Amino acid sequence: GAGADDARYYWRSTEHALVASTWDLDHHYVHRSIIPTLHFQPSLPRLPIPELEDSIKRYMAAQKPLLGDNEYRNTEKLAMTFKNGVGKDLHRNLIELDKKNFHTSYITGPWLDMYLSSRDPIVLNFNPFITLKRDPQESYNNQLVRATNLTVSAIKFRNSLRSHILEPDIYYVNPEWSKSKAFKRFLSLLPTWISWYGAYFAEAYPLDMSQYVHLFNSSRVPKQDKDELFSDHAARHLLVMRNGHFYVFDILDPIGNILHPYEIQAHLINILQDGETVAEYPLGYLTTENRNTWAAVREQLLQAGNEESMYKIDSAIFCLCLDSFIVQNSTHLSHCMLHGYGYNRWFDKSFSLIVTGDGTAGINFEHSWGDGIAVLRFINEVYTDSTKHPAVTPRSTAVLCSTNVEKLEFHMNESIQSAVTVARQKFDKQIHKMTVKPLEFRKFGKKYLIQERMSPDAVFQLACQVAAYRHFGKMVPTYEACSTAGFKHGRTETIRPATIYTKQCAQAFIRDRKKYNAQELRKLIDSCSKYHKFLQMEAALGQGFDRHLFALRYLAESRGGPIPEFYQDPAYQYINHNILSTSTLSSPSVFLGGFGPVVPDGFGIGYNIYDYWLGCNITSYMEKDLDEFLFSLEGSLSDFFDVFEGRSLNT
Ligand code: BUJ
């Protein structure tokens with residue numbers, strides 16, 4: 001391992017010397033938290049298992065707007081039979097099991113299993129992306145400079161995490177004083193078994209930090225029927241992809257210090273110069289395959305003598321993709337980050353940092369190991385650190401002294417080559433079917449809605465419901481992701497934004513447009529907003545119904561007995577066929593984000609509500625429908641604006 005041996009560098013300007021001399025130990029961390037990273041972990045509350053009675057009630061309430069009277073009655077009958085029979089038994093079992101697994105949550109195992117057992121390609125179906133804003137100093141967006149700076153900051157994040165000096169994730173209700181140093185000192189003095197309560201009394205909610213172990217040095221490995229998560233935290237190398245070629249170099253020395261940024265930069269220059277033409281058989285395509293197909297080809301790769309190279313890919317700290325093209329517009333950007341051209345990605349990696357030719361940067365992540373909150377935290381820290389404390393400047397071009405980059409060469413045979421060709425053909429076909437389009441709505445944003453005493457999230461969700469009602473002529477199953485990271489090993493719960501209130505509102509805005517005045521419509525929006533806020537709170541507290549019913553079904557399956565009739569109800573299957581799959585995140589460092597539809601006839605809706613506007617980015621396999629949906633969505637939002645302003649609707 002090469003350390004930061006300054007004697008081996010030549011500098012072209014005094015600025016380099018300045019940067020180099022300040023490259024001391026403190027530059028190995030993003031910060032040094034007063035509170036240790038895992039301080040709250042032992043005293044985090046456990047994810048509650050809702051009462052079965054409550055879950056059934058919530059389930060029936062969510063079914064109501066989706067079903068006709070007869071279907072509803074039938075579903076109700078099945079639900080009652082389940083609740084009083086086999087469901088009761090399963091629920092009791094689930095509670096017993098949960099008591100025996102005090103270290104985790106009831107959903108952790110089943111949810112991970114759900115991801116790892118799915119045989120669908122992970123690209124488009126599971127991996128989301130999040131794109132960073134550009135560096136505010138335009139010259140720092142040079143691809144090499146930005147890739148170096150982001151990489152160094154990412155490694156600093158990793159070092160902080162490993163040294164337990166990364167600030168724990170905390171959700172602050174009153175950030176002013178509970179974020180103060182004095183309060184943090186106080187919390188750090190509390191013993192870990194009680195620390196959570198200390199924070200709780202100040203309305204600061206510590207979040208689960210368990211997912212971060214899989215952020216670095218990790219990969220999903222394809223296996224027949226069920227994939228595995230692999231990590232090797234001892235590995236010190238970075239994986240870099242360029243035009244489908246694979247390169248690795250040690251980015252940490254044996255005691256964990258980051259290589260000198262100039263050395264990292266020199267390695268990246270070396271890679272950029274080497275990988276100029278696209279690899280003949282880019283193995284990255286294989287990670288876009290059906291998982292069983294990929295698992296079989298992987299076996300062949302191992303047998304053909306590629307064990308060491310595969311290990312280097314899987315154990316690398318993370319994957320840096322240096323793309324060779326320039327981003328044209330935000331649609332092109334979404335395509336690039338969500339799936340790229342296939343050859344320059346390794347979708348199995350826990351995450352890949354992608355930097356395009358013009359220095360646009362984003363993350364594509366594998367979803368089984370963790371959720372949006374952890375990835376977003378990482379992105380925020382990396383963005384802030386790389387822009388406030390950049391490791392290299394646009395003028396610092398180190399003269400090459402890069403001897404430690406290894407290009408991975410693979411032994412191929414005809415069968416492997418044809419597997420790559422087939423994967424490529426399937427991938428190309430699939431991505432061409434997918435459309436993605438953004439929408440910016442400028443008439444109002446968060447500030448306006450709060451002033452109108454509306455929940456911003458509820459208003460956006462309602463706009464989707466009204467648009468869907470107009471588009472499909474009925475209410476459709478809708479999923480909104482909600483984090484349950486407030487609990488030990490919590491993951492997510494589903495909010496169901498299609499409700500009897502949103503149905504009534506949708507009918508008023510679409511079907512009975514002429515019948516209501518602005519005041520009446522406002523009242524309808526208001527009830528939707530209140531109910532949505534309530535559902536949101538329930539979900540965040542682990543009091544939804546989706547995960548509970550999912551876990552009971554999982555238990556029934558793992559017992560090997562018959563699947564209860566309740567789950568075979570077409571209505572149960574329908575509500576889980578989420579035509580609208582939605583997720584939001586808000587962050588000052590994020591420019592764009594998105595994910596694929598979860599059903600062939602649906603939309604994947606990523607959105608964010610900013611202070612003075614709101615935006616969303618929607619994916620679909622039906623281009624014409626997407627255009628119409630976007631048109632309706634904008635129309636609904638404009639209608640709401642008219643209502644808020646006291647104007648009657650245009651007809
Ligand atoms: O629900 C879950 O358990 C996980 C969900 C799954 N699903 C995506 C299917 C809902 N995963 C997440 O929610 C993580 C998603 C991370 C990406 C979110 C993208 C948000 C984009 C906001 C930016 C839009 C701005 C547009 C401006 C024109």
Mind giving me the FRET efficiency for Lys433 and Ile563? R0 is 35 Å, r the Cβ-Cβ distance, nearest 0.05 is fine.
-> 0.65
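Please sort by residue number the GluC sites (Glu not before Pro) in region 274-333 whose DSSP state is loop and whose Cβ has at most 13 other Cβ atoms within 10 Å.
Passing both the DSSP loop test and the Cβ count: Glu276, Glu280.
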Whole Å is fine, so just give me how far the alpha carbon centre of region 567-639 lies from that of region 323-341.
-> 20 Å
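Filter the GluC sites (Glu not before Pro) in region 619-651 down to the DSSP loop ones having no more than 12 other Cβ atoms within 10 Å, then list what survives.
Sites meeting the loop and neighbour criteria: Glu645.
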Rounded to whole Å², per residue accessible area for region 51-157 with a 1.4 Å probe reads 43 Å²
Fully extended, how many nm does the chain gain between Glu634 and Phe186 (0.36 nm per residue separation, minus their Cα-Cα distance)?
-> 156.4 nm
Sites Tyr610 and Ser527 - FRET efficiency at Förster radius 22 Å, r taken between beta-carbons, to 0.05 | 0.30
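Whole number in Å², please: accessible area per residue of region 591-651, 1.4 Å probe, ligands, DNA and RNA not counted.
Dividing the accessible area of region 591-651 by its residue count gives 39 Å².
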Could you please put Glu381, Glu96, Glu51 in sequence from largest to smallest accessible area, using a 1.4 Å probe?
-> Glu51, Glu96, Glu381
Where does each of Ser620, Ser638 land when they are ordered by accessible area, with a 1.4 Å probe and the largest first?
-> Ser638, Ser620
Which value, in Å², gives the accessible area per residue of region 514-564 when a 1.4 Å probe is used on the protein heavy atoms?
-> 53 Å²
Per residue of the chain, what 222 nm ellipticity follows from adding -39500 (n - 2.57) for every DSSP H run with n ≥ 4, rounded to the nearest 500?
-> -14000 deg cm²/dmol
Can you list the lysines whose alpha carbon sits under 24 Å from that of Lys99, skipping same-chain ones fewer than 8 residues off?
-> Lys83, Lys88, Lys488
Please work out the FRET efficiency for the pair Lys88 and Ser648, using the Cβ-Cβ distance as r and a Förster radius of 41 Å; give the result to the nearest 0.05.
-> 0.20
Cross-link pairs Lys64/Lys515; Lys429/Lys474; Lys223/Lys474 - those with Cα-Cα distance over 29 Å = Lys429/Lys474; Lys223/Lys474
What accessible area, in Å² to the nearest ten, does a 1.4 Å probe give for Val86?
-> 60 Å²
Which order do Arg522, Arg73 take by accessible area at a 1.4 Å probe, largest first?
-> Arg73, Arg522
Taking the Cα centre of each part, how many Å lie between region 498-559 and region 343-413?
-> 39 Å
Subtracting the Cα-Cα distance of His332 and Glu280 from 0.36 nm times their residue separation yields 16.3 nm
Cα convex hull volume per residue for the chain, in Å³, equals 162 Å³
Probe 1.4 Å, all protein chains in place: accessible area of Trp196 in Å², nearest 10?
-> 30 Å²
Tell me, what is the percent relative contact order of the chain, built from C-alpha pairs under 8 Å that lie six or more residues apart?
-> 22 percent
Give the angle, between 0 and 90 degrees and rounded to the nearest 10, that separates the Cα long axis of helix 546-558 from the longest principal axis of the Cα atoms of the chain.
-> 80 degrees
Apportionment of accessible area to carbon and sulfur, the chain, percent (1.4 Å) = 54 percent
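Between Arg395 and Val599, what length comes free when the chain is fully extended (0.36 nm per residue of separation minus the Cα-Cα distance, one decimal in nm)?
Difference between extended and current length: 68.6 nm.
The values are calculated or read from the model by the stated rules, or taken from the named source; none is laboratory data. This is a predicted model, so every value here is computed, not measured. Every residue, glycine among them, receives a Cβ derived from its backbone with ideal geometry; neighbour counts consider all protein chains shown. Protein only, heavy atoms only, side chains kept; ligands, DNA and RNA dropped before computing areas. Shrake-Rupley method; radii C 1.70, N 1.55, O 1.52, S 1.80 Å.
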